[in-house]
Amino acid sequence: MTPIALNVLLILDVIGVLAFALAGLVEGVRKGADLFGIGFLAFVTAFGGGTVRDLLLDRRPFFWVENEFWLWLLIGIAILAPFIIRSRFVELTSKTVKWPDAVGLGAFSANGTLIALESGESVLVAALMGVVTAAIGGIIRDLLLNRIPQAIIDHEFYLVIALAGGLLISVLGFLGLTLAWAAVIAAVLVTITRMSAMTFGWRLPSINKSKP
């Protein structure tokens, strides 16, 4: 893997971990969890997808085990963030979770895809690894909160955006762009598309016509 690719992966990791950790923290505070519960939800949301990806790709050690810095960063966020989130400047709504989640979706879908491509996986498998990296942490978080994962049932552009972003990286690579820069472009586009879908209410049609 080239030095540029390694730097891009690190930047995407930082952005994705911070964004998803914040999303998990907000959910923990909203649900009335204690400090340890909030920290665990942040951990699962931030590291769940990457851990499952590493298992599927047989990568060892896990990225957060190899770099203990991530754990200390998460502990610091878990200690400080609740006091900021509970301030009068932040309104805790379901949409509050979705904004950092959109940033994490872009960063981790590109991160997972790039890692898989650099590991020699096919275009489709790499794109699916991007989806796994971006979505599994939030799905586990929702299951722990005893609800059906929102990424599956809310009909919003989420999983499909992550998959499209992963495929876009390979397309840009075929067109001559380096995979590292293709991942950066895909991460930005996925984030913008997700935020646009949230803003304008874009939704996928339901197969069951009796459902909205």
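The values are calculated or read from the model by the stated rules, or taken from the named source; none is laboratory data. As the structure is a prediction and not an experimental result, all values here were calculated from the model. Cβ atoms come from the backbone with ideal geometry, glycine included; neighbour counts cover every protein chain shown.
Tabulated data
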| quantity | calculated |
| --- | --- |
| Considering residues of segment 122-155 that are surrounded by fewer than 23 Cβ atoms within 10 Å (Cβ to Cβ) and of a type in the set (Gly, Ala, Ser) only, the residue nearest to the chain's Cα centre (by Cα) | 151 |
| Residue list for segment 6-37, restricted to those being in contact with a Lys or Arg (Cβ under 9 Å, 6 or more places away or on another chain) and more than 16 Å from residue 100 (Cα to Cα) | 37 |
| Test set (1) at pLDDT 85 or above; (2) in a helix (DSSP H, G or I); (3) surrounded by fewer than 22 Cβ atoms within 10 Å (Cβ to Cβ) - residue 21 fails condition number | (3) |
| Residue within segment 7-24 that is over 24 Å from residue 184 (Cβ atoms) and either basic (Lys, Arg) or under 17 Å from the mean Cα position of the chain (by Cα) (or both) present | yes |
| Residue in segment 117-125 that is part of a helix (DSSP H, G or I) and closer than 19 Å to residue 13 by Cα present | yes |
| Test: residue 42 is without any contact (Cβ under 8 Å) to a residue 40 or more places away in the chain and either in a helix (DSSP H, G or I) or under 13 Å from residue 142 (Cα atoms) (or both) | yes |
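Conditions (1) surrounded by 21 or more Cβ atoms within 10 Å (Cβ to Cβ); (2) at pLDDT below 85; (3) not aromatic (Phe, Trp, Tyr), marked per residue:
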| position | (1), (2), (3) |
| --- | --- |
| 45 | yes, no, yes |
| 49 | yes, no, yes |
| 78 | yes, yes, yes |
| 91 | no, yes, yes |
| 101 | yes, no, yes |
| 119 | no, no, yes |
